[in-house]
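One structure below.
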Amino acid sequence: MDFSLTAEQEAFRAAVETFCAREIMPRAADIDRQDEFPPDLWRKMGEMGLLGIGVPEAYGGSGGDIFDSYLAGEVIAAASSGVALSSGAHSYLCVYNLFRNGTEAQRQRYLPDLCAGRKVGALCITEPDSGSDAVGMTTRATPEGDHFVLTGGKTWITNAPIADVFVLYAKTDPAAGARGITAFLLERGMPGLSTSAPIDKMGCKGSPTGRIFLDGVRVGPEQVLGTVGNGVHVLMSGL
């Protein structure tokens, strides 16, 4: 079996290497030292098409497939682990997940800005007492009429301090176990949603990690990603 890259894949990797050599490597030491992800770098990565790999151009993505994302991620990580961690969480755990599971209205609303780097995304599962055990989470989304009220919190969330869009998981039916978890699309600025300052980490500097606090965040059915009770499927399909 031939595992060689195709000519198109070689050209794509070379283009990403050129971009990283020009835009990331010269700033990598400062990014690590200052522990900040430069906002303008998001936009430059968006213009390069690195934040929407696997998403069709109709939604602002750059097309391509999952192997293209591997190639890009490898090259970006060689330039800066912090940039790779933040952009990877944004692109694969939020953007690609939203594309795979979102409604047409959700795709049109969120994907163009996320793929362009005008907005930043985050995936929110981990909690203080249950880690990344989705079934053990305690964050609740309590049905009230045709709305949900979210209470609880998440921790160790990549991009939390700077994210604009959150793919967040909560229990809508605690008695149903894995079938009682639902994915929601939340936005910064929603009443009751707040985030912490970045957590001081030993490594992956420049990739801000933080906590999310939910104090009665009220959302409508249009903010459900996938279907109610199908959150575990949404989660696994987007990892």
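Quick notes
- Subset of segment 137-152 (residues that are assigned to a loop (DSSP other than H, G, I, E, B), touching a residue at least 24 places away in the same chain (Cβ under 8 Å) and either surrounded by fewer than 16 Cβ atoms within 10 Å (Cβ to Cβ) or polar (S, T, N, Q) (or both)): Thr138, Thr139, Asp146
This table checks each residue for (1) of a type in the set (D, E, K, R); (2) assigned by TED's automatic domain parsing to the domain that holds Thr227; (3) farther than 21 Å from Leu50 by Cβ.
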{"site": "Leu93", "(1), (2), (3)": "no, no, no"}
{"site": "Ser132", "(1), (2), (3)": "no, yes, yes"}
{"site": "Glu144", "(1), (2), (3)": "yes, yes, yes"}
{"site": "Gly152", "(1), (2), (3)": "no, yes, yes"}
{"site": "Gly177", "(1), (2), (3)": "no, yes, yes"}
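- Neighbours by Cβ (under 9 Å, 6+ apart or cross-chain): first from segment 197-216, in contact (Cβ under 8 Å) with a residue 60 or more places away in the chain and surrounded by fewer than 14 Cβ atoms within 10 Å (Cβ to Cβ); second among the hydrophobic types (A, V, I, L, M, F, W, C) and in a strand (DSSP E or B): Asp215/Leu150; Asp215/Leu193; Gly216/Val149; Gly216/Leu150
- Meeting the requirement of 2 or more residues that are over 14 Å from the mean Cα position of the chain (by Cα) and among the charged types (D, E, K, R), the helices (runs of 4 or more DSSP H) wholly within segment 34-126 are 39-48, 66-79, 104-116.
- Any hit, segment 3-15, residues being at pLDDT below 95, more than 18 Å from the chain's Cα centre (by Cα) and of a type in the set (Ser, Thr, Tyr): yes
- Of all the residues in segment 98-118, those that are crowded, with 17+ Cβ neighbours inside 10 Å and either in contact with a Ser or Thr (Cβ under 7 Å, 6 or more places away or on another chain) or on the phi > 0 side of the Ramachandran plot (or both) number 2.
The values are calculated or read from the model by the stated rules, or taken from the named source; none is laboratory data. Given the structure is predicted, the values throughout are model-derived calculations rather than measurements. Neighbour counts run over all protein chains shown; Cβ positions are idealised from the backbone, glycine included.
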